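Heads up, the thing below is written out as structure tokens.
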Amino acid sequence: MWLLDSPHLGHKPRVKHLAGRLLKQPARQGVVVAQSRLGQLLCRDCGSPRDRRIGHELLRQAARAGDAQAQRAYAELREGG
């Protein structure tokens, strides 16, 4: 998702919200990179415990599918609690 990778756009809440909406359907359909990016977004930038749980599960699925970024993020989450 180039929106999240952009140094100027990636930190803006509205851009994160849009990126999350765009990633939601592909993540539900099992697109590993979408699961990874949405999982990271939900775990890192959402205050809701429900969203963090969903993000954790998406990262777990992407990590099991072999996504290296998801594997690192999931390992960090497990170490941190």
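Here are the numbers for this structure:
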| item | result |
| --- | --- |
| Relative contact order of the chain, pairs being alpha-carbon contacts under 8 Å that are 6 or more residues apart, as % | 20 |
| FRET efficiency for residue 14 and residue 48, using Cβ-Cβ distance with R0 set to 25 Å, rounded to 0.05 | 0.90 |
| Counting all C-alpha pairs of the chain, share separated by more than 20 Å (%) | 25 |
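Throughout, read-outs are computed from the coordinates displayed, never taken from laboratory work. Computed from a prediction, not measured in an experiment: that's the story for all the values here. A quick note on method: Cβ atoms are made from the backbone with ideal geometry, for glycine too, and the neighbour counts reach across all protein chains shown.
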